[in-house]
Amino acid sequence: MCQREAVEPAVEFRRLGSTELSRVVEIDRRERIDVLYDQHGTQLVARHGKWSASAWDPDGHGEHSVEDQVLRLEHYVDTGGIALGAFASGRLVGIGVVVPHVRPRIAQLAFLHVSAPLRAAGIGSRLSEQLEQIARTAGDSDMVVSATPSENTVRFYLGCGFQPMAEPLAELFELEPEDVHMRKVL
Ligand SMILES: CC(C)(COP(=O)(O)OP(=O)(O)OC[C@H]1O[C@@H](n2cnc3c(N)ncnc32)[C@H](O)[C@@H]1OP(=O)(O)O)[C@@H](O)C(=O)NCCC(=O)NCCS
């Protein structure tokens, strides 16, 4: 489990229905990134620079468009994934998806985003813990994640007990070769 301070009580966590996945548009994705990691087996090598993640594109069809994210979320749920949302004052401020059994006894943490103004408040940890519990209950013993290689995100997953994998799952590596591929024993 992630050992972090409790999230403020005003945040409510619950399962998202398939008609609610389009609410991902409510998440503020913006982030400034000063360090990206390159993965060499289990070693991570830091690369310094100035990058940024922009807000979701509300109208386009590209990788960071709302349309593409909703299609991704629907695909995960259609293939057995379970989506959880974190709500503050009625607004979706965090979303996470676990897909159990992507391989025998292996679950995938397939999606995890917390709105920029509410990061570092424990919401991601709480979502991750609940998704891990869902995977355990489904009978999985390991969880994998294909993580954005940014400093904050990798630090988050390391803090949650994930470790870089020497041999990522081929199907996930093929989709995101620049990600940091990590694994945790549940
Ligand atoms: C990664 C992410 C889901 C973590 O959620 P979160 O609610 O910010 O995480 P928590 O508050 O539970 O945990 C905080 C820890 O995460 C790390 N972290 C992640 N983002 C951070 C940020 N913006 N500022 C400070 N710490 C951050 C730190 O290690 C921190 O631990 P520390 O306080 O002991 O240093 C969230 O930051 C996010 O949505 N990032 C952008 C999207 C992304 O990369 N998603 C993952 C895709 S694989």
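The values are calculated or read from the model by the stated rules, or taken from the named source; none is laboratory data. Predicted model only: the values in this text are computed from it and were never measured. Cβ: placed from backbone, ideal geometry, glycine included. Neighbour counts: every protein chain shown.
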Checked against (1) among the acidic types (Asp, Glu); (2) in contact (Cβ under 8 Å) with a residue 40 or more places away in the chain; (3) within 20 Å of residue 72 (Cβ to Cβ), residue 174 satisfies every condition except (2)
Considering only strands (runs of 3 or more DSSP E) wholly within segment 37-110, the ones with at least 1 residues that are away from the ligand (no atom under 16 Å from the Cβ) and under 19 Å from the mean Cα position of the chain (by Cα) are 82-88, 91-103
The number of residues in segment 128-164 that are over 22 Å from residue 81 (Cα atoms), surrounded by fewer than 19 Cβ atoms within 10 Å (Cβ to Cβ) and of a type in the set (A, V, I, L, M, F, W, C) is 1
Scanning segment 63-100 for residues that are of a type in the set (Gly, Ala, Ser) and more than 17 Å from residue 148 (Cα to Cα) gives 80, 81, 83, 85, 86, 88, 89, 90
Within segment 140-179, the count of residues that are within 9 Å of the ligand (Cβ to nearest atom) and either part of a strand (DSSP E or B) or more than 20 Å from residue 114 (Cβ to Cβ) (or both) comes to 4
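Residue-wise test of (1) at pLDDT 95 or above; (2) surrounded by fewer than 16 Cβ atoms within 10 Å (Cβ to Cβ).
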site	(1), (2)
60	no, yes
76	yes, no
104	yes, yes
107	yes, no
Looking across segment 2-48 at residues that are exposed (fewer than 12 other Cβ atoms within 10 Å of the Cβ) and of a type in the set (A, V, I, L, M), the single one that is modelled with the lowest pLDDT is 6
Of the residues in segment 63-78, those that are under 20 Å from residue 102 (Cβ atoms) and among the β-branched types (Val, Ile, Thr) come to 77
